[in-house]
Protein chains: 2
Amino acid sequence: MDYQEILAAARGDKPASLLFKNAKLVNVFTGEIYPADVAVRRTRIVGIGPGYDGEEVIDLKGRYLAPGFIDAHVHIESSMCTPREFARAILPHGVTSVVTDPHEIANVLGLEGISFMLENAKYGVLNVYVMASSCVPATHMSTAGARLEAYEIEYLKGNRWVLGLAEMMNYPGVIAGQQDVVDKLETFEDMVLDGHAPGLTGKPLNAYMAAGIRSDHECMTADEAREKLRLGMTIFIREGTNAHNLRNLLSAATPENSHRICFCTDDRHPADLMEQGSIDYIVRMAIAQGLDPITAIRMATLNAADYFGLRDRGGIAPNRRADLIVFSDLSAPVPEMVYRSGRLVAQDGVMLPGVEPPRPIELRNAMNVDWGAVNFDIPANGSRVRVIGNVPDQLVTEHLVRDARVQDGRVVGDTEHDILTMAVVERHRSTGNVGKGLINGIGLKRGAIAGTVAHDHHNLVVIGVDNVSMMAAARAVGKMGGGLAAANGENVIATLPLPVAGLMSMEPIEEVRASLDALLDAAGQLGSPLHDPFMAMSFMALEVIPKLKLTDVGLIDVERFEIVDLFVD
Amino acid sequence: MDYQEILAAARGDKPASLLFKNAKLVNVFTGEIYPADVAVRRTRIVGIGPGYDGEEVIDLKGRYLAPGFIDAHVHIESSMCTPREFARAILPHGVTSVVTDPHEIANVLGLEGISFMLENAKYGVLNVYVMASSCVPATHMSTAGARLEAYEIEYLKGNRWVLGLAEMMNYPGVIAGQQDVVDKLETFEDMVLDGHAPGLTGKPLNAYMAAGIRSDHECMTADEAREKLRLGMTIFIREGTNAHNLRNLLSAATPENSHRICFCTDDRHPADLMEQGSIDYIVRMAIAQGLDPITAIRMATLNAADYFGLRDRGGIAPNRRADLIVFSDLSAPVPEMVYRSGRLVAQDGVMLPGVEPPRPIELRNAMNVDWGAVNFDIPANGSRVRVIGNVPDQLVTEHLVRDARVQDGRVVGDTEHDILTMAVVERHRSTGNVGKGLINGIGLKRGAIAGTVAHDHHNLVVIGVDNVSMMAAARAVGKMGGGLAAANGENVIATLPLPVAGLMSMEPIEEVRASLDALLDAAGQLGSPLHDPFMAMSFMALEVIPKLKLTDVGLIDVERFEIVDLFVD
């Protein structure tokens, strides 16, 4: 910090670099709005009040000036963009800081992936704080690209952008005192420990918190949020692409506890980021639902800064970073100008040119498939088969049992009953693992879809009507170094390359979104009635969410937490 | 942290060590009070809710259970007791944690003094957090026992009980960007920077904050507090022995900003600690003035924990330390039981026996006076003299000019006009410095008083009617290794030994208080009408508070910030 320069500007002995005149200042410290001038010297706010001069003067003519928004918990990978490109997408929405858990890339590339996220964000315009991923891999019943132990993630503590341990999803492990979990908690006990405790209540919740975990973003009901707030948890209200919690949770907020509530997006897809927005969208939604606008803005700013101990963000005060947004309508704030560290970076919803120069991406190929071992044949070893039952807009599946359709001694798809072949091809270590199963509820009438976004191990998942289409889609993904593809027979009809760990694109978010739209069109042409069969597919391999899932090592009965055979007789 | 033991108790698999049943839980997170059971395993709270068993069960029968109080800013030395004995005085008042600035002892013994405070508090029952003293010495116009530069106090950063930089009293130095001051701010910029900015407003206040300072405990008016709160400062409302700010400041608190207000005592003398209390007294006073009791308790607990980043204190929640108080009357909470880390340490206003074993004190003698150089003669080099005008109950003095009373070529006291001789004898480095002057408003008719508590340099101050009494009082203090004394002629009539740096006693606070009472009686018998002439004396040598003061190097015109002659003609 250049004290002399800052002090000279604060005293008024030298002009501010930037002076906002005639602002309506949104004061999140006191819950007030009043007219004020705000002086900035380079990256920091230095003075609030009359009598300052500025090298550059912005007359806000009564528009509102508020602190930049903070996303308390986001997986950047869900945007399918690198941190740099993600920044370009959300900064125009007034989000100047995010706290990210690089959990997806960590499952693919381990510490190398986390370092990539830190490195890619470095010197970028967006403040990207990282929490050390706590649950890599999710279970032993799939093959991830990496396994992170306490002693490995401890290494991240030295990085000043790392704030603590990311959402501890293994809540049964915490509660039971599982040693490798406790090791991680202990390693980070002097930092922030984020939680993930859907539906947890009573003694198990007490135990989870007794281990030092202080936040949760998985509340589904206001009662759940109330119990957690009473126990001293900070609650992140989430509005993601799939998970929508604001409507249910907002009634739990009171003037007394609202200081301990933040906003987060968790997972947002490109189209939602571009059309709805990010934290700004949650703020508008909360106000529309009746929350006091200043309280909503505080949840989106100061509360997160306080929770994470970010003393230099979250409010408009001398010494804090000049992360600021300008808007006109308090009842529905739409950032018109966004300043990051005193620099105008976005205007009227668009990032300014030249603000975010690209950075070269140096990451190893994350597609390591033993193609010689890959085939999608399922020998018919019985007549009754387990079938994963996809439930629209849900991550949970049904555990169905159906008659197998058998041809030439092999179980094949049965479009009449909407039963398709599904395969999970291990892609991290060339093990040759291919898990095979059947799935209902995807609705393809021909062709196949494939992709390397498959929570949390992110192996290559393929769902299709016939083996030729499945192989064409899978091979297309392989050729791209990861991504999404749709094929009909040998024709690949749409693709989205995601060469960064098989999760993220190197292209602008607009192109990612266009490719995704084309993929969804293609899947529709192949007969799927789903809004987004790729997203549905990305959760069909997630073996920690009930009931029946498929990983590269086989079918998982999640309720019994064990591998089961495809055939029931 | 013993995870397995804590988790087992939180799950309910093992009994809690301590279970509070039928509590009315004061929830500072949500601002609610409701019936609850609270389970503690050893030092930590592990569970809140029904169904817990305990090895020891305390049926509170509907009494209130709240977190232990936190004093956000206190100079322990003002109690004239060592940290151990101070703990014994305040724990019965429900204060389980204090944040102390060892500024007084640092002025006498430097880092050795600060280490003594840390060491003496170690393994003690009271949580004693230390802020690194920022302004030692206060100015160049007195001789202190130590000088602390940035590189010296930086050494304290390694101690886990050190939270940051203590009140930066040199606000002109901050605002002007004085290099040694900036060095200290920069050294601690990643920690908490406490402020001290009486009356600061507008641009100078912005500059002070732009340097990173985040709190203030010197507000005198509600408007001043409001301006500082708006700028993002945390405000500590102080009720000390001399400084009473609650009545003036409380109206600045609103439901929106009250999360950023804490309580502190700053300086409290033994009698006030024993009779009124500490933070508990402020809580009762705030409630009596109309503040919501839960808000008052939150100011005394969670707000301070949040401000200082103490994630394991300040509220009743799983994982937090079991620092708890029990009381019956919400409109005037008087702690009936006080628990520190799950252990009952005080009951009905008294520390339990055996809780706080004494620790040996090993500190060098802090009385280094060149007695050969000490005399109190003032040669008459003029006829008009400057006289320090003591103003009852104020730290500021008047700058008077009077006719000198001269005898045998020397200026002497003039009890008729209440003009006494005052001397400040350098006691740290045997320099032989003796500053001499005259003072009005102390009221002694005969004899003299002397003491080594003299902010901030804590040299030996003597005020008296005649040289014989002054020498007797001064010598008595010297013999005790520091302390307070009153003499009449050659007779020493009352003493309080303060051998620990000349500031603190080694005796129990009750004896300290009894000795102080005897000293005040003695001063009364010598003719002083003041409530406490020793306290008045202790500020007459403080050269940073206007208008006229005396240090060992001479009379200081504080407004001109320079040394002036006793004689004006």
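Has the stretch B:541-563 got at least one residue that is out of contact with any His (no Cβ under 7 Å at 6 or more places or on another chain), buried (at least 17 other Cβ atoms within 10 Å of the Cβ) and assigned to a helix (DSSP H, G or I)? So far as the stretch B:541-563 goes, no, none of its residues is out of contact with any His (no Cβ under 7 Å at 6 or more places or on another chain), buried (at least 17 other Cβ atoms within 10 Å of the Cβ) and assigned to a helix (DSSP H, G or I). Picking from residues in the stretch B:157-194 that are acidic (Asp, Glu) and surrounded by 21 or more Cβ atoms within 10 Å (Cβ to Cβ), the one that is nearest to residue B:213 (Cα to Cα) is B:194.
Restricting attention to the stretch A:283-308, and to residues there that are of a type in the set (S, T, N, Q) and touching a Gly at 6+ places or on another chain (Cβ under 9 Å), which single residue is surrounded by the fewest Cβ atoms within 10 Å (Cβ to Cβ)?
In this case the residue turns out to be A:295.
Among (1) among the small types (Gly, Ala, Ser); (2) crowded, with 19+ Cβ neighbours inside 10 Å; (3) at positive phi, which single condition is residue A:527 missing? It is condition (2) that residue A:527 fails. Scanning the stretch A:279-308 for residues that are part of a loop (DSSP other than H, G, I, E, B) and away from chain B (no Cβ under 11 Å) yields A:289, A:290, A:291, A:300, A:301. Reported count of residues in the stretch B:13-31, each being facing chain A (nearest Cβ under 8 Å) and in contact (Cβ under 8 Å) with a residue 40 or more places away in the chain, is 3. Of all positions in the stretch A:32-39, at least one carries a residue that is of a type outside the set (Lys, Arg) and away from every other protein chain (no Cβ under 12 Å).
Of the helices (runs of 4 or more DSSP H) lying entirely inside the stretch B:195-271, those carrying at least 1 residues that are within 9 Å of chain A (Cβ to nearest Cβ) and open to solvent by less than 20 Å² (accessible area, probe 1.4 Å) are B:202-210, B:222-230. Total residues in the stretch B:13-45 satisfying the condition of being open to solvent by 20 Å² or more (accessible area, probe 1.4 Å) and either within 19 Å of residue A:189 (Cα to Cα) or touching a strand residue (DSSP E or B) at 6+ places or on another chain (Cβ under 7 Å) (or both): the figure is 13.
The set of residues from the stretch B:314-350 being within 14 Å of chain A (Cβ to nearest Cβ) and of a type in the set (Val, Ile, Thr) comprises just one member, B:316.
Would you check which residues across the stretch A:474-488 are open to solvent by 10 Å² or more (accessible area, probe 1.4 Å) and part of a strand (DSSP E or B) and list them? Answer for the stretch A:474-488, where residues must be open to solvent by 10 Å² or more (accessible area, probe 1.4 Å) and part of a strand (DSSP E or B): just A:488. Considering the stretch A:2-12 alone, what residues qualify as being touching a helix residue (DSSP H, G or I) at 6+ places or on another chain (Cβ under 8 Å) and surrounded by fewer than 17 Cβ atoms within 10 Å (Cβ to Cβ)? Matches in the stretch A:2-12: A:4 only.
Can you find, within the stretch A:167-185, the residue that is farthest from the chain's Cα centre (by Cα) among those that are assigned to a helix (DSSP H, G or I) and either away from every other protein chain (no Cβ under 11 Å) or within 26 Å of residue A:305 (Cβ to Cβ) (or both)?
Result: A:180.
Cβ-Cβ distance below 8 Å, separation of 6 or more or different chains: which pairs start in the stretch A:1-12 with a residue that is facing chain B (nearest Cβ under 7 Å) and end on one that is in a helix (DSSP H, G or I) and open to solvent by 60 Å² or more (accessible area, probe 1.4 Å)? Close Cβ pairs satisfying both conditions: A:1/B:186; A:3/B:186; A:7/B:176. Going by the conditions given, is residue A:382 open to solvent by less than 70 Å² (accessible area, probe 1.4 Å), in a loop (DSSP other than H, G, I, E, B) and in contact with an Asp or Glu (Cβ under 7 Å, 6 or more places away or on another chain)? Criteria met by residue A:382. For residue B:538, the conditions (1) under 25 Å from residue B:429 (Cβ atoms); (2) in a loop (DSSP other than H, G, I, E, B) are fulfilled apart from (2).
Residues that are closer than 27 Å to residue B:454 by Cα, of a type outside the set (Val, Ile, Thr) and open to solvent by less than 10 Å² (accessible area, probe 1.4 Å) number at least 2 in the following strands (runs of 3 or more DSSP E) confined to the stretch B:49-156: B:69-74, B:127-132. Checked against (1) within 14 Å of chain B (Cβ to nearest Cβ); (2) in contact with a Leu (Cβ under 8 Å, 6 or more places away or on another chain); (3) part of a helix (DSSP H, G or I), residue A:164 passes all but condition (3). Count of the stretch A:500-519 residues, restricted to those that are surrounded by 19 or more Cβ atoms within 10 Å (Cβ to Cβ) and not in a loop (DSSP other than H, G, I, E, B), is 9.
Tallying residues that are of a type in the set (Asp, Glu) and touching a residue at least 60 places away in the same chain (Cβ under 8 Å) within the stretch B:137-176 yields 1.
Is it the case that residue B:369 is in contact with a helix residue (DSSP H, G or I) (Cβ under 8 Å, 6 or more places away or on another chain), open to solvent by 60 Å² or more (accessible area, probe 1.4 Å), part of a loop (DSSP other than H, G, I, E, B) and β-branched (Val, Ile, Thr)? No, not satisfied.
Annotation for the stretch A:271-290: no member residue is touching a strand residue (DSSP E or B) at 6+ places or on another chain (Cβ under 7 Å) and within 29 Å of residue B:45 (Cα to Cα).
The values are calculated or read from the model by the stated rules, or taken from the named source; none is laboratory data. Keep in mind that what you see is a predicted model, and the values were worked out from it rather than measured. Positions of Cβ are backbone-derived with ideal geometry, glycine not excepted, and every protein chain shown enters the neighbour counts. Side chains included, ligands, DNA and RNA excluded: accessible areas come from the protein's heavy atoms. Shrake-Rupley method; radii C 1.70, N 1.55, O 1.52, S 1.80 Å.
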